[in-house]
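Before any comments, here is the structure.
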Amino acid sequence: MRIAEVACPVPLHKAFHYEVPAGWELKPGERVRVPFGPRRLTGLALSVFEGEPERPLKRLEAVLDRFPALDSHGLECARWLARRCAAPIGDCVKALLPPFIKSLEEPVDERQFVRALTPGRAPKDGFKLTDGQAAALAALCERLKLRESRVALLYGVPASGKTEVYLRLIREAIAEDGQALFLLPEISLTQPFFEEFSACLGVPVVLWHSRLGARQRRQAWLALRRGQARVVVGARSAALLPLPKLRLVVLDEEQDESFKQEGQAPLYHARSLALERARLAGALAVLGSATPSLESWQLARLGRAELFSLPQRVSSTERPSVVVLPPPGLGRVLAEELLGRLRERLSRGEQSILLVNRRGFSTVVMCRKCGWVDRCPHCGVAKIQHEAVGGFELRCHHCERRGPLPAACPKCRNPALRASGVGTQKVVAELRRELPGARLLRFDGDTPRLKDGEPYRRFLNKEADVLVGTKLVAKSFHFPDVTLVGVVDADTMLNMPDFRSSERTMQLLAQVAGRSGRSGKRGEVLLQTLHPEHLAIANAARGDYGAFADAELPLRRQLGYPPYSTLVRLLWTGPQEPAVAAAAEAHCAALRRELGAFGHELVGPAAAVLPLQRRRFRHHALLKCPPEGLEPALLAARALPSSSSVKLKLDVDPYDFF
């Protein structure tokens, strides 16, 4: 009997066997219609083989494609995602073959892409590379010609010209009908790079992110699947696209936490997925950053990635000078020295950026008398004060519920409530008072039309003098007229309950500092901090990422954290807190019995940092897996007894510990 192994769109960690009717042609990767209980589902054939089943099998009802929707690399990638991310195979197939792909034979309408499927103007090659750029590019082109899987870490100081290296390397990769995948951590970054690559590469380029319409994404998917589109510029989900002629994968700002998928399975990290795609295709993977993740830094130290350095800026201007300042007194947000530097830039017609790693106005509203804090009743977290039409409102940043500010404390009836903490809106309000006439622009998650890159274009076109934003302003944007960067609170992330807090602080400060003085004019950076001697802040001020990494890695080794282990977060949720706590305790006891002898370490369980979210109680634990110990740990965790009232979620390589 011919048997088809079929992945169905159900939340189960297995595929299902069906009989292939005699005379039917079926290849792995083709979609099929199958009976599934009382339902009819569209599944995907993972494999087809001869065998004798132990029990009668249901028969396939229809083959829906004339040729495979996923090729052999796509099928291998789906299986890898299921293993690596502890995700149902049906969810992994769905991620690689989205439901909006109805027909593989739908014609591609070039009008859907305008610039994307229209070759752009010829690139300008008059730009003279620095010695570092030239050496890195020559070596990377040699690796590309080998047509075998290689990993490179392009470590370049801010403004060292990594984008020019990417651009020329992509041009080399597509010269012989190859394809290139270019990944960015934020949707807001994709449009500027898409426009630049479309203009310079002279081949069809497509844009990909979740904010595009279903038809536009379907057309892009099909164009890539057929090789009509040669380059894709996209956010993390672009790592799942079909690329049959893949020669090059590039992750810009590879250290960025936004490359981690959260919420919907599979919970992949785009870096790990991109490296797997490159391995399957025999392609070159380039990880680029001025502040590499410690995982990638360690890969280079171990020789599993080749390190290429760009130690000098493209312009002859020296790196920005860095001044460390204490925060201002109560009632103020910006130190007088920082305000003075902003006034200087205004008088010279230069631009400035202020980093505030919190959106909203104030971060907590509390009673001055009894200490009551206004928290979301559904999530248990402090509400954030936001400016609104006609006054202020309070929002929960987890469930997005909104409401008015209370007139008095509901606990003691005291009317004197205090709003504390600093967000982007409060900084803008102070700038309006202190710098009358200055043109201000806010760039954060609340900014209208953020996803289409409008704030970027407005600031680039000098429609504003000061850009105030969250970590978005620290990304790969190039603003040639920015000569001042101010960090309002450099300590924001240092005390977070996260083993990566120092690394994230160092990376954010170094990245935002790199936005200053990029085009001939000397830049300056002012950091407001209470901890100038901290490892992350001191090395960010010196611009010495290597020294930071050398000091941080021994601490990671001592505590058993990545890159010396692989982490799995176990998160239990349910409507009744005692049941959630009991399930977490029982499951952790079972895992310790199962895995203790193999070098795994289990920390917890305990109530999550956010113990209540959307009216569900939450407990979590952290499993540290030694090398080669991840798959046994995931198998053991998946075998834990399930409950209808308590759900267990596994997250490999977690970045969210709340």
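Things worth noting here:
- In terms of its Cα atoms, region 375-516 spans 53, 41, 29 Å along the principal axes, sorted from long to short.
- Relative frequency of Cα-Cα separations exceeding 28 Å in region 110-310, percent: 19
- Each residue, V389 and R2, gets one label point 7 Å from its Cα in the Cβ direction; the gap between the two is 6.3 nm.
- Between region 580-594 and region 337-396, the C-alpha centres lie 41 angstrom from each other.
- Rg/Rh (Cα only; Kirkwood hydrodynamic radius) as it applies to region 364-420: 0.95
- Net length available on complete extension from Q558 to F100 is 160.1 nm, with 0.36 nm assigned per residue and the Cα-Cα distance removed.
- DSSP bridge pairs, the chain: antiparallel proportion in percent, nearest 5: 50
- Along region 334-349 the Karplus relation, 6.51 cos²θ - 1.76 cosθ + 1.60 evaluated at θ = phi - 60°, assigns HN-Hα couplings of 10, 5, 4, 5, 5, 4, x, 5, 5, 5, 4, 5, 4, 5, 9, x Hz to successive residues, with x for each Gly and Pro.
- 3J(HN,Hα) from dihedral phi, region 67-72, Karplus parametrisation 6.51/-1.76/1.60, rounded to Hz, x for glycine, proline: 8, x, 6, 10, 7, 4
- Net charge dipole, the chain: roughly 1520 debye, given to the nearest 20, about the Cα centre with Cβ charges of +1 for Lys and Arg and -1 for Asp and Glu.
- Between the listed residues V165, L280, G213, the Cα displaced farthest toward the positive end of the dipole of region 110-310, a dipole computed from Cβ unit charges relative to the Cα centre, is found at G213.
- Here R304 and A408 are evaluated by their C-beta separation; at R0 = 35 Å the FRET efficiency comes out at 0.05.
- Positive-end extreme of charge dipole, the chain - chosen from V373, S289, L484 (charges on Cβ): V373
- Footprinting exposure proxy for S272, S642 (fewest neighbouring C-beta atoms within 10 Å first): S642, S272
- Residues in region 631-658 that a label on H13 would reach, taking backbone N under 11 Å of a point 7 Å out along Cα→Cβ: 631-642, 649-651
- What the phi angles of region 392-402 give under the Karplus curve with 6.51, -1.76 and 1.60, with θ = phi - 60°, is a coupling list of 10, 9, 10, 10, 8, 7, 9, 9, 6, 5, 10 Hz, glycine and proline written as x.
- Scattering profile of region 455-575 at q = 0.15, 0.19, 0.20, 0.22 Å⁻¹ [log10 I(q)/I(0), Debye over alpha-carbon scatterers]: -0.77, -1.04, -1.10, -1.24
- Dipole in debye (nearest 20) - region 477-582, about Cα centre, beta carbon charges: Lys, Arg +1; Asp, Glu -1: 320
- In terms of distances greater than 27 angstrom between alpha carbons, the cross-link table entries K260/K426; K58/K94; K411/K649; K260/K624; K426/K462; K426/K471 yield K260/K426; K411/K649.
- A Cβ-based charge dipole, computed about the Cα centre of region 2-96 with Lys and Arg at +1 and Asp and Glu at -1, lands at about 340 debye.
- Over all directions, the projected convex hull of the C-alpha atoms in the chain averages 32.2 nm² in area.
- Spacing of the two label points (7 Å from each Cα toward its C-beta) at L330 and L280, in nm: 6.0
- Given charges at Cβ of Lys, Arg, Asp, Glu: the chain dipole, positive-most of G390, S315, L96: G390
- Taking the inverse of the mean reciprocal distance over all distinct Cα pairs, the Kirkwood hydrodynamic radius of region 402-480 comes to 15.0 Å.
- FRET efficiency, 1/(1 + (r/R0)^6) with R0 56 Å, evaluated for V373 and E54 via beta carbons: 0.40
- For region 301-426, the calculated P(r), taken from all Cα-Cα distances in 10 Å bins from zero up to the bin holding the longest distance, is 10, 27, 23, 18, 15, 5, 1 percent.
- For V364, residues with placed amide H under 5 Å, excluding near neighbours: Q385, S420
- Rg(Cα) / (2.2 N^0.38 Å) computed for region 12-119, rounded to two decimals: 1.24
- Cα convex hull of region 566-652 - mean projected area over all directions, nm²: 5.1
- The convex hull around the C-alpha trace of region 275-343, projected and averaged over every direction, spans 8.9 square nanometres.
- Ranked T317, T573, T291, criterion: other C-beta atoms within 10 Å, fewest first: T317, T573, T291
- With the cut-off at under 15 Å, measuring from each backbone N in region 545-587 to a point 7 Å along the Cα-to-Cβ line of L610 picks out 571-574.
None of the figures in this text is laboratory data; all of them are computed from the coordinates on show. Just so it is clear, the model here is predicted, and its values are computed rather than measured. Note: ideal-geometry Cβ built from the backbone for every residue, glycine included; neighbour counts use all protein chains shown.
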